[in-house]
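The values are calculated or read from the model by the stated rules, or taken from the named source; none is laboratory data. Because the structure is a prediction, the values reported are computed rather than measured. Here the Cβ positions follow ideal geometry from the backbone for every residue, glycine too, while neighbour counts run over all protein chains shown.
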Amino acid sequence: MIKVENLYKRYHNHHGSDWVLKDVSIEIPSNVSVGLVGRNGAGKSTLLRLLGGMDSPDRGRIVTNSRISWPIGLSGGLQGSMTGRQNVRFVARVHGNRDGIADIVARVEEFAEIGKAFDEPVKTYSSGMRSRLNFGLSLAFDFDVYLSDEATAVGDRLFKAKATKAFRDRVGKASIIMVSHSEGILKDLCQAGIWLDEGKAIWFDDINAAIEAYHNSSGKKGKGN
């Protein structure tokens, strides 16, 4: 269970800034995979970062007893001066897997498919290579909830299929909270949905209903412009 209570978040700039998320209160049940829908800039990636502990709210709080991954698909969180292999070893030690470090390194290297770059500094990687490494690293640990920010859009067709299968294999064992421009992926992997609109978050028990609400709203706003 993840409880989001009276959450506010905005990013300040010199011209003032609106709330990205405004008084969001929502409860995400355990073992339910959720798709986040909304226009660009609606706060989908921001909510994922907050859930994953990579950012902090301005007000409110997130309460959970679940082990939550960092957002897979984002290229941040890796140390640029360290190689991919060194990053994996470091994260494995932080997560208390000292006895299984070699196995984790091997699994990540195989999944990421970045070849010799695995032993080169991460600062030399493309964004896609960083995302592949991030994806493989996340899947090397047993989280209760996996966060995905366009993770299945990384790489060529074969890697995208591999990424989608990796998530599908985890459905039932863990849950996923996912951002994706592919509605087919959301419908395939998620049961419920959250529609983010003008700082608010609306829960839907059915991902199809969330997508429909988003489309209906987009159509109305388009006609009014």
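Would you mind stating whether LEU50 is more than 22 Å from THR164 (Cβ to Cβ), in contact with a Ser or Thr (Cβ under 9 Å, 6 or more places away or on another chain) and modelled with pLDDT of 95 or more? Give the derivation first.
Numbers: more than 22 Å from THR164 (Cβ to Cβ): yes; in contact with a Ser or Thr (Cβ under 9 Å, 6 or more places away or on another chain): yes; modelled with pLDDT of 95 or more: yes.
For LEU50, the condition - more than 22 Å from THR164 (Cβ to Cβ), in contact with a Ser or Thr (Cβ under 9 Å, 6 or more places away or on another chain) and modelled with pLDDT of 95 or more - is met.
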statement: Selection over the stretch 140-194 where residues are assigned to a loop (DSSP other than H, G, I, E, B), free of Cβ contacts under 8 Å to residues at least 60 places away in the same chain and under 19 Å from PHE111 (Cβ atoms) yields a count of 4
- prompt: Checking LEU51 against (1) touching a helix residue (DSSP H, G or I) at 6+ places or on another chain (Cβ under 6 Å); (2) in the same structural domain as ILE185 (by the TED database), which single condition isn't satisfied?
  reply: (1)
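From the list GLN86, GLN79, which residue is assigned to a loop (DSSP other than H, G, I, E, B), among the polar types (S, T, N, Q) and more than 15 Å from PHE143 (Cβ to Cβ)?
Working: GLN86 fails: assigned to a loop (DSSP other than H, G, I, E, B).
Unique residue meeting the criteria: GLN79.
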- prompt: Can you tell me how many residues in the stretch 103-116 are crowded, with 19+ Cβ neighbours inside 10 Å and either over 30 Å from SER30 (Cα atoms) or of a type in the set (Lys, Arg) (or both)?
  reply: 1
- prompt: Among the residues of the stretch 126-159 satisfying the criterion of being surrounded by 20 or more Cβ atoms within 10 Å (Cβ to Cβ) and among the hydroxyl-bearing types (Ser, Thr, Tyr), which is farthest from GLY77 (Cα to Cα)?
  reply: THR152
task: Taking the residues in the stretch 195-212 that are free of Cβ contacts under 8 Å to residues at least 40 places away in the same chain and among the aliphatic types (A, V, I, L, M) as candidates, determine which candidate is farthest from ASN40 (Cα to Cα).
output: ALA209
- prompt: What pairs come up if the first residue lies in the stretch 103-126 and is at positive phi, the second is surrounded by fewer than 20 Cβ atoms within 10 Å (Cβ to Cβ), and their beta carbons are under 7 Å apart, counting only those six or more places apart or on different chains?
  reply: GLU113/PHE159
- request: Could you list, in sequence order, all residues of the stretch 127-165 that are of a type in the set (Ser, Thr, Tyr) and more than 15 Å from the chain's Cα centre (by Cα)?
  value: SER127
